[in-house]
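Here is the structure we will look at.
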Amino acid sequence: MAALGANLAIAASKFVAFAFSGSSSMLAEGVHSLADSGNQFLLLIGGKKAQREATPQHPFGYGRERFIYAFLVSIVLFSIGGMFAIYEGYEKIAHPHELKNWYWPVGVLLFAVIAEGFSFRTAIKESNELRGKLSWAQFIRRAKAPELPVVLLEDFGALIGLVLALLGVGLAVLTGDGVWDGIGTVCIGVLLVLIALVLAAETKSLLLGEAAGADVVKRIESATVDGDTVTGVIHMRTLHLGPEELLVAAKIAVQHDDTAAEVAQAIDAAEARIRAAVPIARVIYLEPDIYSEAEAVKGPDREATPGGPTPHATGH
């Protein structure tokens, strides 16, 4: 919401500055801020749609709506903004003209730096609560909630874009050559396209389905085993159904002389321990089996195609 409010105000001011100065950098930055506003709006829609209850047709719910809308943000809006800026910059380089009323774009750009800085600071504050000891690159790569990485990259790119626009406008004013304004515009477009590619790669990975992090997997394994009825985890797979929804499927080792009632009770207790250790584990499937080292080595897909890849197995 902070990013949306900031970008709407910035977009309006940039278009006003473009109208008074004719600066292509200001037009590109105006489209950039308008695209960013659309980004935040799409993320809000995705978050709302993801809250819908599961249905028979979609039994695992709609958590991935957030991934889909983040992917739309990265592909459609960033690419449109980037390609438009590159085209506008090319036109300005091919047909340069002197800037009019240069103080309009300079004043608006300085205002935009302050507003984007506020939005960026908010995104950093929210992200710090989640990233722990991860570096910023690791956080963007591993985050399961797409909103914060998107806003972080948006705001970071916006601040760099504003600096590029200031350089382009400043050089155009100092030299009297509008080509510099066009060069600054092209640089803004290239920056947007690069950010779009990074976000597309990350959100594509989420759409394909990512497993839980290594630390989460360890917590689930520890919570599953009670050392009595459940003696180990033979195989386990996890899948994020959404940023705060995790599917856990595991084959667990039980004692060979346990009764069905004892095994059922142990499974219920293991599920409760898993949910207590990892609250986002919403869907849990535990299959009891007698541990066999030979079967564990085969991996979770015992009927895999001969000669095909064998998934990694965890035997205890």
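Every number here is computed from the coordinates shown, using simple stated rules; none is lab data. All values reported here derive from a predicted model rather than from experimental measurement. All Cβ positions, even for glycine, are placed from backbone atoms using ideal geometry, and neighbour counts span all protein chains on display.
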Using only Cα atoms, locate the centre of the stretch 106-156 and the centre of the stretch 216-291, then give the distance between them in Å, rounded to an integer.
36
If you work out Rg and Dmax of the Cα atoms in Å from the coordinates, which of [x] 19.3, 59; [y] 26.0, 89; [z] 20.5, 64 do you get?
[y]
Exposure proxy check on THR185, THR224, THR229, THR203: fewest-to-most Cβ neighbours within 10 Å is THR229, THR203, THR224, THR185
What aspartates and glutamates does LYS92 reach when the alpha-carbon gap must be under 13 Å and sequence neighbours fewer than 8 apart in one chain are set aside?
ASP177, ASP181
Across LYS144/LYS204; LYS48/LYS133; LYS14/LYS100; LYS218/LYS251, pairs whose alpha-carbon gap is larger than 19 Å
LYS48/LYS133
Placing unit charges on C-beta atoms (Lys and Arg positive, Asp and Glu negative, everything else neutral), compute the dipole magnitude of the chain about its Cα centre in debye, rounded to 20.
720
Only bridges whose two residues both fall in the chain count here: according to DSSP, what percent of them are antiparallel, nearest 5?
55
Over the alpha-carbon set of the stretch 1-150, work out the extent along each principal axis and list the three values in angstrom, largest first.
61, 35, 24
Could you tell me which trypsin sites (Lys or Arg not before Pro) in the stretch 91-159 are loop residues by DSSP with no more than 14 other beta carbons within 10 angstrom of their beta carbon?
LYS100, LYS133
